[in-house]
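Notes to accompany the following structure.
The values are calculated or read from the model by the stated rules, or taken from the named source; none is laboratory data. Only a predicted model underlies this, so the values are computations on that prediction, with no experimental measurement involved. Heads up, the Cβs are rebuilt from the backbone with ideal geometry, glycines too, and the neighbour counts pull from every protein chain shown. These accessible areas exclude ligands, DNA and RNA; they are computed on the full protein's heavy atoms, side chains included. Shrake-Rupley method; radii C 1.70, N 1.55, O 1.52, S 1.80 Å.
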Amino acid sequence: MYYRTASIMLNAGQKASTASDIFIAQPDHHKESLAGKLFILMEVESAKSEALKVINFLINNLNHNYYQNEKVVLRERIDSLKVEHIFETALAKTNKDLVDFLSREKIKISPYAFNITVAVVHEDNIHFSTVGKNKNLLVYQDKTASSEGGTEYRITEVSDTKERKTKQTSLTKLFSEVTSGRIPNNGYFLLVNEALSEYLSNKQLTEIVTTLPPQGAATQIKNTLNQINAVVTFLGIIIKNTTSPE
């Protein structure tokens with residue numbers, strides 16, 4: 001899969017009890033061909049200093065646990081080793097490492113304080129795990145509804161936030177579920193936090209990301225959100241599959 005990405009991070013008067021960050025891994029070409037690219041969108045509701053500590057730990061830990069997994073190298077020789085399984089192993093280790101880190105640093109935090117999406121894109125497949133209120137949106141061409149004037153796009157949420165919220169009860173099981181799927185040719189996958197999905201409608205998001213390249217779309221979204229008088233943080237990642245069908 002050939003893909004383009006862009007990130008959106010707009011701190012419009014961030015609350016003192018919240019910290020957030022976006023991470024897009026930059027592995028070397030060989031590792032990316034074996035394991036893909038890692039994306040993290042994260043917001044933690046806690047005392048600012050503690051929240052920043054937790055965010056920095058999770059980003060470094062997830063990146064290390066995924067790309068330094070010995071199974072990544074073994075994928076060259078063992079066909080049965082799937083990216084999805086390596087991703088699940090890394091998440092399980094991070095669950096354990098997080099509990100140890102919080103105990104060591106004497107940080108008390110509720111599992112409901114986390115809004116995190118961790119995703120891996122490899123070839124044209126995406127594997128992701130979401131904690132909290134973030135949204136995962138797939139934008140795809142609806143071939144049955146295409147008009148003479150051009151292609152029509154649809155947008156759909158591919159994870160149930162209500163069901164997820166009821167399961168988010170333990171720090172040891174934050175990343176307990178992985179969803180896997182395919183980003184279709186010329187399709188888009190959007191990772192966004194709750195605020196961004198509330199202030200921009202699905203129709204607005206679809207129109208922006210399908211008419212501009214990812215970087216241009218990210219700029220347009222920021223410009224639109226800058227006009228809103230809201231004391232919230234907006235987070236988003238745009239991933240476009242630029243592979244053209246034969």
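Quick notes on this one:
- Every residue from the range 134-175 that is at pLDDT 60 or above and among the hydroxyl-bearing types (S, T, Y): Y140, T144, T151, Y153, T156, S159, T169, S170, T172
- Test: residue in the range 6-20 that is touching a strand residue (DSSP E or B) at 6+ places or on another chain (Cβ under 7 Å) and over 30 Å from I228 (Cα atoms): no
- Pairs, first without any contact (Cβ under 8 Å) to a residue 60 or more places away in the chain in the range 20-32, second basic (K, R) and surrounded by 17 or more Cβ atoms within 10 Å (Cβ to Cβ), C-beta under 8 Å, six or more apart: A25/K37; P27/K37
- Being aliphatic (A, V, I, L, M) and touching a strand residue (DSSP E or B) at 6+ places or on another chain (Cβ under 7 Å) is a description that does not apply to L200.
- A count restricted to the range 79-106 and to residues that are hydrophobic (A, V, I, L, M, F, W, C), over 26 Å from F234 (Cα atoms) and either exposed (fewer than 14 other Cβ atoms within 10 Å of the Cβ) or in contact (Cβ under 8 Å) with a residue 40 or more places away in the chain (or both) stands at 7.
- Flag set for V72, criterion: of a type in the set (A, V, I, L, M, F, W, C), within 21 Å of the chain's Cα centre (by Cα) and modelled with pLDDT under 95.
- Verdict on E198 being out of contact with any Gly (no Cβ under 7 Å at 6 or more places or on another chain), of a type outside the set (G, A, S), without any contact (Cβ under 8 Å) to a residue 12 or more places away in the chain and within 24 Å of T130 (Cβ to Cβ): yes
- If the condition is being open to solvent by 70 Å² or more (accessible area, probe 1.4 Å) and over 17 Å from E194 (Cβ atoms), then the range 223-246 contributes N223, N226, Q227, N229, S244, P245, E246.
- Residue under evaluation E45, criteria (1) touching a Ser or Thr at 6+ places or on another chain (Cβ under 7 Å); (2) buried (at least 17 other Cβ atoms within 10 Å of the Cβ); (3) modelled with pLDDT of 95 or more, criterion not met: (3)
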